[in-house]
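The values are calculated or read from the model by the stated rules, or taken from the named source; none is laboratory data. Since this is a predicted model, take the numbers as computed values, not measurements. Here the Cβ positions follow ideal geometry from the backbone for every residue, glycine too, while neighbour counts run over all protein chains shown. Keep in mind that these areas ignore ligands, DNA and RNA; they rest on the heavy atoms of the full protein, side chains included. Shrake-Rupley method; radii C 1.70, N 1.55, O 1.52, S 1.80 Å.
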Amino acid sequence: MNVYDSARMADVLAPLGFLPIDDAEGADMVILNTCHIREKAAEKVYSELGRLRSLQQEKARGGGRMILAVAGCVAQAEGEEIMRRAPYVDMVFGPQSYQNLPEMVARVARAGRVLDIDFPAEPKFDRLPEVAGGTADTGPWSTFLAIQEGCDKFCTFCVVPYTRGAEYSRPAADILKEARRLVEAGAREIMLLGQNVNCYHGEAPIDGEWGLGRLVRELADVSGLERIRYTTSYPADMDDDLITAHAEVPTLMPFLHLPVQSGSDRILNAMNRRHSAEDYRTLVGRLREARPDLALSSDFIVGFPGETDADFQETLDLIDAIGFVQAYSFKYSARPGTPAVDMPDQVPENLKNGRLAELQNLLNAQQIAFNKDCKDRILPVLFDRPGRREGQLVGRSPYMQPVHATAPASLLGTIQDVYIEAGHPNSLAGVLPLSCRRPSDKRACA
Ligand code: SAH
């Protein structure tokens, strides 16, 4: 979502004459777009600000000016503190305020400083310009589209309801319009984004509301859009229509990121997750019935307050039972203002470290086994980046694995059948049919 937000900030700033560049050195403006989900991410902000301050001073010595801004969820949560601790920062604004950038820049130009962390009454999307192009790091071919934001779930460990604000779904007509624009700009694949993307319930173009299942079906009719994905989902919000969409919409990719956090009902309850381990197992069973090759990924937190060895074992058992092809796992990080901070039986750091290592061993083994199983299969790959090696492209399989292959640059942005020669821990290596390896043969392969 921060990558999407950063691209949208660039869209807002473009009419003012600002263009994105790769290097902060010498820039007229630097915006740090920040994450507050764990302590480590939030801490990085102050060290990074110290580095940027030197660049700002250097620019001033040359007679120039570098506007320095902190955006995102750290700004939302700690805005006043940043203003106090870093007086050289010109603008501090939250994830729901960046549509105001033109006014903020005007105020800074008049030698003011700006703190904008109020949640607006009117959703920011109503005031954002139309997307200018791709919104991901990989170029226009695979791109992001935010459809839902914020959260009303209040998991006891999580800052999101306080930093991103209340749940909001964009009207379906706006999303379809943005999708068409992204496809016109070259998108073959769109990743729909939301903090709880599957609780999407946006205003329908004519009457009532659409859920995510309906939205996916309508997006499947956008000509030129070949792949649809969505992230991140909240298990309790997977409804029947969305599950059926996985069976019925061929362009909905067979990969789902579905965070479970823990396999212990006692811990899930203390987390206020609104689902049990058994609910999760049943849900996965139904999803796999709808789409037998569905590959699953998840998020896990180890060392939530009160987690015992027995609770942790239940998480390992769940992982064994489900089988994940990829996962993100974290040590519980105490976040200011969340209920879990004050819970008894905080788990000591060394125990968290041990559990995380054990969990990651198991998850890595599952990921490697899945990747190795892909050997000798032919998978359609959307090439979206040049590879590290000359003459190589990288793309994604339907199951989100990065796939490397020798291929001419002319195949960027196309989907090709790739023969998988090897499965590595984090990627696959494949070859194209002979006829596709020469630049002149693009038409035969595309
Ligand atoms: N809304 C979805 C996805 C959340 S994605 C859901 O609730 O399922 C954010 C991920 O960051 C979470 O899944 C969780 O694993 C991780 N996370 C959030 N707060 C955390 C904390 N305090 N400590 C460690 N990990 C955390």
- Selection within the range 81-112 - open to solvent by 70 Å² or more (accessible area, probe 1.4 Å), hydrophobic (A, V, I, L, M, F, W, C) and either outside the structural domain of Met66 (by TED's automatic domain parsing) or in a helix (DSSP H, G or I) (or both): Ala109
- Note on the structure: Log entry, pairs with first residue in the range 407-428 being in contact (Cβ under 8 Å) with a residue 60 or more places away in the chain and surrounded by fewer than 18 Cβ atoms within 10 Å (Cβ to Cβ), second being assigned to a helix (DSSP H, G or I) and not polar (S, T, N, Q), beta carbons closer than 7 Å, six or more apart or on different chains, reads Pro425/Ile368
- For Ala340, the lone unmet condition from (1) among the small types (Gly, Ala, Ser); (2) open to solvent by 50 Å² or more (accessible area, probe 1.4 Å); (3) within 13 Å of Phe157 (Cα to Cα); (4) part of a helix (DSSP H, G or I) is (2)
- Query: Pairs under 6 Å by beta carbon, first residue not assigned by TED's automatic domain parsing to the domain that holds Val222 and at pLDDT 95 or above in the range 183-196, partner charged (D, E, K, R) and open to solvent by 10 Å² or more (accessible area, probe 1.4 Å), six or more apart or different chains?
  - Reply: none
- Query: Can you tell me which residue in the range 32-52 is modelled with the lowest pLDDT, limited to those that are open to solvent by less than 50 Å² (accessible area, probe 1.4 Å) and of a type in the set (A, V, I, L, M)?
  - Reply: Ala42
- Message: Residue pairs, Cβ under 7 Å, 6 or more apart or interchain, first in the range 332-343 and in contact (Cβ under 8 Å) with a residue 40 or more places away in the chain, second within 7 Å of the ligand (Cβ to nearest atom) and open to solvent by 50 Å² or more (accessible area, probe 1.4 Å). List them.
- Response: Ser333/Arg38
- Task: Could you grab me the full set of residues in the range 233-261 that are without any contact (Cβ under 8 Å) to a residue 40 or more places away in the chain and either within 16 Å of the ligand (Cβ to nearest atom) or out of contact with any helix residue (DSSP H, G or I) (no Cβ under 6 Å at 6 or more places or on another chain) (or both)?
- Result: Ser233, Asp240, Glu248, Pro250
- Message: Of everything in the range 133-158, what is assigned to a loop (DSSP other than H, G, I, E, B), in contact with a Lys or Arg (Cβ under 8 Å, 6 or more places away or on another chain) and within 16 Å of the ligand (Cβ to nearest atom)? Give them in sequence order.
- Response: Ile147, Gly150, Cys151, Lys153, Cys155, Phe157, Cys158
- Item | Selection from the range 176-206 of residues that are open to solvent by 10 Å² or more (accessible area, probe 1.4 Å), over 17 Å from the mean Cα position of the chain (by Cα) and closer than 26 Å to Leu258 by Cα | Leu176, Glu178, Arg188, His201, Glu203
- Inside the range 290-328, can you point out the residues that are out of contact with any helix residue (DSSP H, G or I) (no Cβ under 8 Å at 6 or more places or on another chain), open to solvent by 20 Å² or more (accessible area, probe 1.4 Å) and over 19 Å from Asn350 (Cβ atoms)? Pro292, Asp293, Asp299, Asp317, Tyr328
